[in-house]
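The structure under discussion appears below in the form of structure tokens.
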């Protein structure tokens with residue numbers, strides 16, 4: 001998947017994105033897997049279930065690491081034993097990073 005994040009800045013510039021993941025992603029360990037990958041990449045944020053069966057992922061940190069997480073969320077087949085079955089990942093909605101956000105939590 002090619003990144004749709006703004007390519008005009010370098011890979012260490014901080015960024016915050018929100019994506020929605022559709023498929024069989026609830027009740028299968030997907031949020032736990034997302035948290036583990038985000039922490040490995042040094043990202044902060046959250047992964048939460050939505051009422052309509054999606055998982056919403058909010059991640060912030062260096063642009064290159066955020067882009068890597070977005071690729072891992074959607075790659076097929078998964079090279080990291082991603083649980084469940086991802087049907088689609090929305091285009092990342094980019095916003096300014098928030099101050100004081102640390103860690104990555106499952107909600």
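Observations on the model:
- Here 78, 74 are screened, and the one residue that is over 15 Å from residue 45 (Cβ atoms) and without any contact (Cβ under 8 Å) to a residue 24 or more places away in the chain is 78.
- Residues located in segment 23-39, provided they are on the phi < 0 side of the Ramachandran plot and either buried (at least 16 other Cβ atoms within 10 Å of the Cβ) or part of a loop (DSSP other than H, G, I, E, B) (or both): 25, 26, 28, 30, 31, 33, 34, 35, 37, 38
- Residue count for segment 83-104, restricted to those that are surrounded by 14 or more Cβ atoms within 10 Å (Cβ to Cβ) and closer than 13 Å to residue 38 by Cβ: 2
Coordinate-derived values only; no laboratory data. Small disclaimer: the values here were computed from a predicted structure and weren't measured. Note: ideal-geometry Cβ built from the backbone for every residue, glycine included; neighbour counts use all protein chains shown.
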